[in-house]
Amino acid sequence: RDVVKVEGESGLQSSFRMGSFEEVGSSAVFWAPLHSVQESSGRTGSWKSTATRNYYFHDAHERVGRWLVDGNDLLFTSNRRVWSRGEYDDSGSVLGVLYEVVESDTNGDGELTEDDVTSLAFSDARGRGYTVATQGIEGISDYSVLSDSVVVVLCRTGEDVRAIELDFDSMEVLHDSSVVSVPE
């Protein structure tokens, strides 16, 4: 379980380290997570937590790199590549990336965890255009490619399943609606 302490704690030590680079698709774009490492020891015991706080993208063709977001204040709990044909294929063409991200300590416990409100965000395959699509999801169920740039993502929430249409060319949310509600 990823945990990020956001409140000052006696004896808390924080540092950052880069994860391993891997190619996003077959586009000569590489990405790596930036992890925070927090450690604390005190009278009540000790603990250590590593969490993903950002992503770095390097475009080998353009010879430039960029951070996905400014700063390192978020908690990324998962990511998922969106393949142009809906699943991995030999062409390796990726439209973009979906992220589950915690933006703030919504339950007031001094930590960023999966217990806080989670948002669905997305970017293109080069790490550009980061956009928060919606808040309050419990997870990404699946996605389907509708056209060259439009994808529908099914997300679980506490009460229903939502279908969110994303356009990876314009980086806009085209539609967000509930497709089924859980009976009481």
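Residues in the stretch 159-184 that are open to solvent by 50 Å² or more (accessible area, probe 1.4 Å), part of a strand (DSSP E or B), of a type outside the set (Ser, Thr, Tyr) and farther than 20 Å from Ser123 by Cα: Val179, Val180.
Taken together, the residues in the stretch 48-86 that are hydrophobic (A, V, I, L, M, F, W, C) and open to solvent by less than 10 Å² (accessible area, probe 1.4 Å) amount to 5. The single condition among (1) more than 17 Å from Arg128 (Cα to Cα); (2) at pLDDT below 85 that Ser27 does not meet is (1). Among the residues of the stretch 136-158, those that are over 24 Å from Ala125 (Cβ atoms), open to solvent by 20 Å² or more (accessible area, probe 1.4 Å) and in contact with a strand residue (DSSP E or B) (Cβ under 6 Å, 6 or more places away or on another chain) comprise Glu138, Arg156. Scanning the stretch 146-158 for residues that are charged (D, E, K, R) and either assigned to a strand (DSSP E or B) or touching a Cys at 6+ places or on another chain (Cβ under 6 Å) (or both) returns a single hit, Arg156. Suppose the filter is over 20 Å from Thr50 (Cβ atoms) and crowded, with 21+ Cβ neighbours inside 10 Å; does Gly96 pass it? For Gly96, the condition - over 20 Å from Thr50 (Cβ atoms) and crowded, with 21+ Cβ neighbours inside 10 Å - is met.
If you check Ala125, Ala121 for being closer than 17 Å to Tyr55 by Cβ, open to solvent by less than 20 Å² (accessible area, probe 1.4 Å) and free of Cβ contacts under 8 Å to residues at least 24 places away in the same chain, only one passes: Ala121.
The values are calculated or read from the model by the stated rules, or taken from the named source; none is laboratory data. Small disclaimer: the values here were computed from a predicted structure and weren't measured. A quick note on method: Cβ atoms are made from the backbone with ideal geometry, for glycine too, and the neighbour counts reach across all protein chains shown. Heavy atoms of the whole protein, side chains included, go into the accessibility calculation; ligands, DNA and RNA do not. Shrake-Rupley method; radii C 1.70, N 1.55, O 1.52, S 1.80 Å.
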